[in-house]
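> Provided herewith is a single structure, encoded as structure tokens, for subsequent inquiry.
The values are calculated or read from the model by the stated rules, or taken from the named source; none is laboratory data. Small disclaimer: the values here were computed from a predicted structure and weren't measured. A quick note on method: Cβ atoms are made from the backbone with ideal geometry, for glycine too, and the neighbour counts reach across all protein chains shown. Areas reflect the complete protein model, heavy atoms only, side chains present, ligands, DNA and RNA absent. Shrake-Rupley method; radii C 1.70, N 1.55, O 1.52, S 1.80 Å.
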Amino acid sequence: MLSVSGLNHYYAKAHILRDLTLSIGAESVGLFGPNGAGKTTLVNAITGFVRPRSGEIMFAGNSLLRLQPHQITRLGIATVPQGRELFPFLSVHANLETGAAYIPQARGHMAESLESVFQMFPILKARSRQPAGTLSGGEQRMLVIGRALMSKPKLMILDEPTLGLQPSLVTELFRTIREISQQMAVFLAEQNVRQSLKSVDRGYVIENGAIALEGTSEDLLDNEHVRRAYMGV
């Protein structure tokens, strides 16, 4: 479904992504690494917000390198960014509608998609008339995920979705990610390695802009370097 091959990207003279290669099929895949390792840069390259110096990114047979972000979204990639990036003065309902309004394949399914989102996040239905900016941090994160689901994607990318959430909400979020992965491919960039590996099929570890390790979730949970560096074991 998605393949990234030989990707290189620089900020000024800093070499951020180093000949990076990975792939995602009809599965859930995690990307793990410390701050500054290149996780968000890779997400931004896939979604069209940065232009790599070299390499290729293919999705469902299409090169993404010359496409704009809205064109990539229309191909079937939805992104849940680090920041919530909502329309704070619009209602919850209106924010959700924006996820489908400009996607041809999603626009005609808006009503059923809304019902599906409300089933997954009942609190959003209860808050549907409220301005999005009045929601709690956890509720806003639910809204951003719900808005992404409204586009009826083939692949959902989540960039540090647990950032800033309290522990009880983190557990609930990973439950939601597992539920979403039953419906579509998921690419999860996260620092919470222990819980993430329980929510995905396999994963990659990125260090200094390059893939250092890859394997099934079970293999990475048992890997000594992963346990020492990312789980404190």
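> For the chain, what does the accessible surface come to per residue with a 1.4 Å probe? Please give it in Å².
Accessible surface, normalised per residue, equals 46 Å².
> Would you work out the relative contact order for the chain, in percent, from Cα pairs under 8 angstrom that are 6 or more residues apart? Can you show the working numbers first?
Details: 433 pairs, mean separation 63.3, N = 233.
Contact order relative to length: 27 percent.
> Please give me, ordered by residue number, the trypsin sites (Lys or Arg not before Pro) of region 1-103 that lie in loop per DSSP and have at most 12 other Cβ atoms within 10 Å.
Passing both the DSSP loop test and the Cβ count: 13, 53, 66.
> Would you list which lysines come within 28 Å of residue 152, measuring only between C-alpha atoms, while excluding same-chain residues fewer than 8 positions from it?
39, 125, 198
> Calculate the radius of gyration of the Cα atoms of region 167-216 to one decimal place, then report Dmax, the largest Cα-Cα distance, as a whole number, both in Å.
When restricted to the Cα atoms of region 167-216, Rg and Dmax are 11.7, 32 Å.
> Where does region 1-53 land on Rg/Rh, using Cα atoms and the Kirkwood Rh?
Rg/Rh: 0.95.
> Need one number: convex hull volume per residue for region 111-233, Cα atoms only, in Å³.
Residue-normalised Cα hull volume stands at 120 Å³.
> Enter the angle in degrees (range 0 to 90, nearest 10) between the Cα long axis of helix 110-120 and the first principal axis of the Cα atoms of the chain, meaning the one along which they spread out most.
That helix lies at roughly 70 degrees to the long axis.
> Follow-up. Between residue 163 and residue 66, what is 0.36 nm times their sequence separation minus the Cα-Cα distance? Round to one decimal in nm.
Here the segment from residue 163 to residue 66 would lengthen by 31.9 nm.
> Expressed as a whole percentage, what fraction of the accessible surface of the chain belongs to carbon and sulfur atoms when a 1.4 Å probe is rolled over the protein heavy atoms? All intermediate terms of the calculation are to be shown ahead of the outcome.
Numbers: 5410 of 10750 Å².
Roughly 50 percent of what the probe reaches on the chain is carbon or sulfur.
> When you have a sec, figure out the Kirkwood radius of region 10-134 from all distinct Cα pair distances and drop it here in Å to one decimal?
Radius from the Kirkwood sum: 17.0 Å.
> For the chain, take the longest principal axis of its alpha carbons; what is the angle in degrees between that and the long axis of helix 92-101, to the nearest 10 within 0 to 90?
70 degrees
> Using only Cα atoms, tell me the angle between helix 167-180 and the longest principal axis of the chain; keep it within 0 to 90° and round to the nearest 10.
90 degrees
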